[in-house]
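Worksheet: the structure to be examined is printed underneath.
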Amino acid sequence: MHYRPTRARINLPAILHNYRQASHLAPKARQVAVIKADAYGHGAVEVAKYLAPHVPAFAVAFIDEALLLRSAGIQKPVLILEGVNSAEELKLAQQSDLWPMLHSANQVEGLLKSDGLDDLQCWLKVDTGMHRLGLNPVEAQSWADKLGRKLNKKPVLASHFSCAEEFHSETNKHQMQQLFALAAHLDCEVSLANSAALYTLPGAAVGWNRPGIMLYGCSPIPGKTAEEMGLQVAMQVTSQIIALRDIEAGETVGYNGRWQASQKSRIATLAIGYADGYPRLTNSSSQVYLHDQRAQVVGTVSMDMLAVDVSHLPQAAIGDEVEIWGQHIRVTEVAGHANTIGYELLTRINQRMPRIYQHD
């Protein structure tokens with residue numbers, strides 16, 4: 001039982017719809033559902049259980065996230081995007097049907113020195129221009145040959161776009177050319193397209209794709225709305241008004257008096273703050289939604305509370321539900337007012353925020 005009136009409602013059918021949209025964009029490829037960072041704040045176990053009948057595999061960042069899924073009874077293969085970093089992790093990957101993404105010579109050498117890995121499916125990360133993780137194409141070619149002989153199966157060659165959201169990026173073309181040339185030479189499957197690339201680079205959406213942010217109803221392309229991209233919002237964060245007060249012109253609200261009323265105003269206090277994931281550094285343009293209208297966030301965001309100007313809503317009352325982000329206020333909009341991205345706000349959702357799941 002949760003008594004605090006702040007919730008994240010998770011629409012699981014919307015996530016499935018968005019997964020199917022990814023599949024529609026690349027019908028000849030397979031889509032690995034990326035559920036790292038607790039499914040971008042949506043709850044990895046619940047999301048995985050709902051998607052499991054429909055997806056060939058999941059992807060997480062590191063082995064702890066994968067083992068959590070296994071402990072919850074998720075049986076589908078799980079790709080570990082950062083690979084494994086010890087003999088113990090490698091053994092766990094073999095025992096638990098996890099697919100390590102190998103991105104360094106140390107990781108590959110560790111695998112080659114190990115025994116009993118005949119059934120292990122590994123992926124090999126190739127650095128084609130992101131310069132974050134991966135082997136250069138020459139190194140990757142050498143290691144791919146050795147891995148193929150060791151495991152009696154060829155690795156999947158994977159890379160990551162640095163500018164996938166850009167429709168006409170020469171960098172993207174160069175990255176595609178490098179990976180596809182190497183894959184053709186080695187006769188390996190590839191994995192290159194993320195959410196953005198499924199829209200901007202259909203030629204890259206072959207083999208195994210890795211849709212992430214789009215599964216949760218967020219547009220991966222700046223300037224394009226989720227609706228334009230056929231996506232449905234998966235998370236609605238709501239809170240309630242817990243206090244109302246009238247203030248005079250010239251009075252201030254919140255820490256350091258950073259917002260001052262220009263006229264007599266009515267201020268609502270909501271039961272949500274930066275400890276719940278709402279950005280403290282939001283600017284004075286951020287809004288919430290109640291009584292079918294928007295209302296302005298005012299003053300400095302507190303750890304547990306948020307102030308809103310409801311002077312234009314005389315019907316506002318204590319106990320009223322307020323949408324923080326969701327169908328009417330998109331998380332990307334809130335993020336923009338804090339000079340960040342929707343990914344960050346979604347993944348800030350923590351144990352203080354009860355998640356209520358809609359299954360149909």
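Values for this structure:
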read-out	value
Restricting the stretch 307-316 to residues that are open to solvent by less than 40 Å² (accessible area, probe 1.4 Å) and part of a loop (DSSP other than H, G, I, E, B), the residue that is nearest to Ile241 (Cα to Cα)	Ala316
Count of residues meeting criterion [open to solvent by 70 Å² or more (accessible area, probe 1.4 Å) and either assigned to a helix (DSSP H, G or I) or in contact (Cβ under 8 Å) with a residue 24 or more places away in the chain (or both)] in the stretch 333-343	2
Residue within the stretch 269-278 that is touching a residue at least 40 places away in the same chain (Cβ under 8 Å), open to solvent by 60 Å² or more (accessible area, probe 1.4 Å) and assigned to a loop (DSSP other than H, G, I, E, B) present	no
Residue tally, condition among the β-branched types (Val, Ile, Thr) and under 15 Å from Ser219 (Cβ atoms), over the stretch 341-357	1
Qualifying residue in the stretch 152-175 (condition: under 30 Å from Gly73 (Cβ atoms), open to solvent by less than 70 Å² (accessible area, probe 1.4 Å) and not in a loop (DSSP other than H, G, I, E, B))	yes
Residue check, Asp304 within 30 Å of Val47 (Cα to Cα), at pLDDT below 95, not in a strand (DSSP E or B) and not polar (S, T, N, Q)	no
Enumeration of residues in the stretch 121-153 that are touching an Asp or Glu at 6+ places or on another chain (Cβ under 7 Å), in contact (Cβ under 8 Å) with a residue 12 or more places away in the chain and not hydrophobic (A, V, I, L, M, F, W, C)	Gly134, Asn152
Any pair with Cβ under 6 angstrom, 6 or more apart, that starts in the stretch 185-200 at a residue that is in a helix (DSSP H, G or I) and ends at one that is aromatic (Phe, Trp, Tyr)	Ala197/Phe161; Thr200/Phe167
Test for Gln240: is it assigned to a loop (DSSP other than H, G, I, E, B) and open to solvent by 20 Å² or more (accessible area, probe 1.4 Å)	no
Those residues of the stretch 349-360 which are at pLDDT below 95, surrounded by 12 or more Cβ atoms within 10 Å (Cβ to Cβ) and among the charged types (D, E, K, R), in sequence order	Arg352
Some residue of the stretch 196-218 being closer than 30 Å to Arg330 by Cβ, in contact with a His (Cβ under 7 Å, 6 or more places away or on another chain) and among the polar types (S, T, N, Q)	no
Subset tally (residues that are free of Cβ contacts under 8 Å to residues at least 12 places away in the same chain and under 15 Å from the mean Cα position of the chain (by Cα)) for the stretch 211-229	0
Of all residues making up the stretch 320-332, the number that are outside any strand (DSSP E or B) and in contact with a strand residue (DSSP E or B) (Cβ under 6 Å, 6 or more places away or on another chain)	5
Among the residues listed as Val45, Val84, the single one being more than 15 Å from the chain's Cα centre (by Cα) and touching a residue at least 12 places away in the same chain (Cβ under 8 Å)	Val84
Residues that are under 18 Å from Thr340 (Cβ atoms) and among the hydrophobic types (A, V, I, L, M, F, W, C), drawn from the stretch 194-244	Ala196, Ile213, Cys218, Ile221, Ala226, Met235, Val237
Residue check for Trp143: assigned to a helix (DSSP H, G or I) and not charged (D, E, K, R)	yes
Scope the stretch 226-236; condition in a loop (DSSP other than H, G, I, E, B) and out of contact with any Ser or Thr (no Cβ under 6 Å at 6 or more places or on another chain); matching residues	Gly230, Leu231, Gln232, Val233, Ala234
Enumeration of residues in the stretch 201-210 that are in contact (Cβ under 8 Å) with a residue 40 or more places away in the chain and not in a strand (DSSP E or B)	Leu201, Pro202, Ala204, Ala205, Val206, Gly207
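Residues are listed down the side, and each one gets a yes or a no for (1) over 23 Å from the mean Cα position of the chain (by Cα); (2) in contact (Cβ under 8 Å) with a residue 24 or more places away in the chain; (3) open to solvent by less than 20 Å² (accessible area, probe 1.4 Å):
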position: Leu231; (1), (2), (3): no, yes, yes
position: Arg258; (1), (2), (3): yes, yes, no
position: Ser265; (1), (2), (3): yes, yes, yes
position: Leu290; (1), (2), (3): yes, yes, yes
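The values are calculated or read from the model by the stated rules, or taken from the named source; none is laboratory data. Keep in mind that what you see is a predicted model, and the values were worked out from it rather than measured. In this analysis, Cβ positions are derived from the backbone assuming ideal geometry, glycine residues included, and neighbour counts consider all displayed protein chains. These accessible areas exclude ligands, DNA and RNA; they are computed on the full protein's heavy atoms, side chains included. Shrake-Rupley method; radii C 1.70, N 1.55, O 1.52, S 1.80 Å.
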